Amino acid sequence: MELSKEKKLWMLERMLQIRRFEEQVYDCFLKNKIPGFAHLYIGEEAVAVGACANLREDDFITSTHRGHGHLLAKGADPDRAMAEIFGRRTGYCLGRGGTMHIADFSLGILGANGIVGGGLPISVGAGWSAKYRGTDQVTVCFFGDGASNQGAFHESVNLASVWNLPVIFVCENNQFGISVHQSRHQKIKDVAVRAKAYDIPGVIVDGMDVLAVYEACREAVERARQGGGPTIVECKTYRFMGHHVGDPGTVYRDKEEVEAWKEKCPIKCFADKLIAEGVMTAAEFEALDKRVTEQMLAAVKFAEESPWPEPEEAMEGLYV
Amino acid sequence: MREVTYGEAVREALAEEMRRDKMVALIGEDVGPYGGNFGILKGLWEEFGEERVRDTPISEVAIVGAGLGAALTGMRPVVEIMFCDFMGVAGDQLLNQVAKIRYMFGGQVEVPLTIRTTLGGGRSSAAQHSQSLHAIICHVPGIKVVVPGTHEDAKGLLKAAIRDNNPVMVFEHKMMYNKKGFIPEGEYVTPLGQAAVRREGKDLTIVAISSMVYESMALAEELSAKEGIEIEVVDPRTLVPLDEETIINSVRKTGRLVVADEGHETCGFAAEIIRRVVKVGGAFDYLDAPIEVVGTRDVPLPFSPPLENYVIPSKARIEEAVRKVLGY
């Protein structure tokens, strides 16, 4: 099925938003404007955007510690996301969550998660709920190759399989569990082969190609909506930065390897393709980039100018 | 009043809430046609069907997580962890997910999730099926903790838990399931966060948790009849939130305190009750004697009956503690 021009441009813009957002986070972190730490999504944008391009506003996602990209792809407001990362009261979680704990339940974003694999069981619950309530909502569960070694992965995919739930398990295989290469944390090369153990479809796609991710997830989402149950979609990808800001990511990988993956930059490749196909001009891309960059600078400004929470607010909101 | 078993009281609560609200559904290990590991759920699967009373794989992580995900997206699920010992398996989902989600995300969402489980020794089930681990959950803010010690509360508190829009963990005492007791006629809901003075007295307060309520009541009646000692028995009913006012007022009146709880004595909930009683503004100035705790001795639960009976609290050990405090 040929995608509309609008859809393609939407994907490009979303990926660019994530990239420019993360660059601002990086920059602000180095300037000591952001407390704590931050895991950046740079390099993996095609996964979040390709998957979320198939979702409706009332569909659900569960996210990870590297979650900024998932949130923006599902439509989160960059201002409120940035303010949360800055620890301000105007943030999504009033400053209580921070970088690893952003959610927007009105958009079906059931939360980023600081625990590797922590979102997997929750996604199954959202899937159970959609089926139980008789809706055709689907849930996309983002997780990494590292999380695929957690017991929660097995329990969750098994339950989704045996109950035939509308959950799409999107594995972002960036090949590293923090510093440990996949070859040293599991013997298999493809996480998707585990689908066989649950008697569900498992597919492998180039996670640097937003259209490939889109297409694989489209099939999985359609199947889930029609009652066909869960799928594992494994996206081969790479994080261009370290595990978090402050980890240069050089101890455990070669510079050549990083550079080779950067050549596959999902945004540059997709923009070049759209320009070559005449979907947009180089000048239009530059204008888009300028606009998105300004949007993210504005998000930083919003965050910086937002008030800190009052200390006593820490005691509010534990229970309804 | 009507006579039912504690297990029947639990089942009535579940059935009534499921009839009232279609979004209430029950999942867990063997909760379906088998009727639950303790047999107390018999009839629910027949009445409500497979979709609403659903067996799960033996996967405590997925059970708790599925309940959480469903609670976030429009359902009001009740999930069962067969023995509270198995909370260890589901640790992350309980401590880092269920307990955190509302607060961590800035109060965006309500989490109407009920987690039922069992505590208590006394059936030679040994170290991994006999613990009373409610204090662990109390230590982590974000989950309400309910410990019904009477038949009436087994029903009324569970109904309140299901209707609550926060995560609530209900610890039922497995040794009480088959015991008979009385519950009110008709529908009732027992509010969370209100302690009950089960028996008034002037000489000593026993704060009794879960099955310790009946043991303490029996002891109090005996001592009253035989020796004229009048013991006040306070049942907190809910540990989080805790009605400390009722406890403090009782100790201010009697000046003497014994806490009976089947949790382990070190870092148990009894220690928390004592902290509340002796803190500034509590009942420290009113105490006429040191405080005693009767809990499970600090070893894993042993298998052999003489060993287990020595380790878990009993009416005899509560009496011993009461006499020590009275005789101080």
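Data for the structure
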| read-out | value |
| --- | --- |
| Restricting segment A:146-156 to residues that are within 19 Å of residue A:180 (Cα to Cα) and open to solvent by less than 10 Å² (accessible area, probe 1.4 Å), the residue that is nearest to the other protein chains (Cβ to nearest Cβ) | A:153 |
| Selection from segment A:70-124 of residues that are assigned to a loop (DSSP other than H, G, I, E, B), within 7 Å of chain B (Cβ to nearest Cβ), free of Cβ contacts under 8 Å to residues at least 60 places away in the same chain and not β-branched (Val, Ile, Thr) | A:92, A:93, A:97, A:101, A:103, A:110, A:111, A:118 |
| Residue ID - farthest from the other protein chains (Cβ to nearest Cβ), chosen from residues in segment B:98-112 that are part of a helix (DSSP H, G or I) and either open to solvent by less than 20 Å² (accessible area, probe 1.4 Å) or more than 18 Å from residue A:118 (Cβ to Cβ) (or both) | B:98 |
| Lone qualifier among A:200, A:232, A:204 - being in contact with a Ser or Thr (Cβ under 6 Å, 6 or more places away or on another chain) and hydrophobic (A, V, I, L, M, F, W, C) | A:200 |
| Pairs where the first residue, in segment A:294-320, is within 14 Å of another protein chain (Cβ to nearest Cβ) and closer than 28 Å to residue B:110 by Cβ and the second is part of a helix (DSSP H, G or I) and among the small types (Gly, Ala, Ser), C-beta under 9 Å, 6+ apart | A:306/A:83 |
| Entirely in segment B:212-285, the helices (runs of 4 or more DSSP H) that have 2 or more residues that are within 28 Å of residue B:299 (Cβ to Cβ) | B:212-227, B:269-278 |
| Filter result (farther than 30 Å from residue A:273 by Cα, open to solvent by 100 Å² or more (accessible area, probe 1.4 Å) and in a helix (DSSP H, G or I)) within segment A:284-319 | A:301, A:305, A:312, A:315 |
| Residue within segment A:133-140 that is closer than 21 Å to residue A:109 by Cα, in a helix (DSSP H, G or I) and more than 7 Å from every other protein chain (Cβ to nearest Cβ) present | no |
| Selection within segment A:220-279 - surrounded by 15 or more Cβ atoms within 10 Å (Cβ to Cβ), assigned to a loop (DSSP other than H, G, I, E, B) and among the polar types (S, T, N, Q) | A:237 |
| The one condition in (1) out of contact with any Lys or Arg (no Cβ under 6 Å at 6 or more places or on another chain); (2) within 24 Å of residue A:318 (Cβ to Cβ); (3) assigned by TED's automatic domain parsing to the domain that holds residue B:313 that residue B:240 fails to fulfil | (1) |
| Residue list for segment A:31-69, restricted to those being in a helix (DSSP H, G or I) and closer than 21 Å to residue A:95 by Cβ | A:68 |
| Set B:79, B:61, B:31: member being part of a helix (DSSP H, G or I), touching a residue at least 24 places away in the same chain (Cβ under 8 Å) and either within 14 Å of chain A (Cβ to nearest Cβ) or closer than 24 Å to residue A:157 by Cα (or both) | B:61 |
| Test for residue B:95: is it more than 9 Å from chain A (Cβ to nearest Cβ) and open to solvent by 10 Å² or more (accessible area, probe 1.4 Å) | yes |
| Residue among A:165, A:159 that alone is in contact with a Pro (Cβ under 8 Å, 6 or more places away or on another chain), open to solvent by less than 10 Å² (accessible area, probe 1.4 Å), within 10 Å of chain B (Cβ to nearest Cβ) and not in a helix (DSSP H, G or I) | A:165 |
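Condition check ((1) assigned by TED's automatic domain parsing to the domain that holds residue B:121; (2) more than 20 Å from the chain's Cα centre (by Cα); (3) at pLDDT below 95; (4) closer than 25 Å to residue B:120 by Cα) across all residues:
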| position | (1), (2), (3), (4) |
| --- | --- |
| B:211 | no, no, no, yes |
| B:224 | no, yes, no, no |
| B:229 | no, yes, no, no |
| B:236 | no, no, no, yes |
| B:255 | no, yes, no, no |
| B:261 | no, no, no, yes |
| B:268 | no, no, no, yes |
| B:305 | no, yes, no, yes |
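The values are calculated or read from the model by the stated rules, or taken from the named source; none is laboratory data. All figures in this text were calculated on a predicted structure; none of them were measured in a lab. Glycine gets a Cβ as well: all are built from the backbone with ideal geometry, and neighbour counts include every protein chain shown. Note: areas computed on protein heavy atoms with side chains; ligands, DNA, RNA excluded. Shrake-Rupley method; radii C 1.70, N 1.55, O 1.52, S 1.80 Å.
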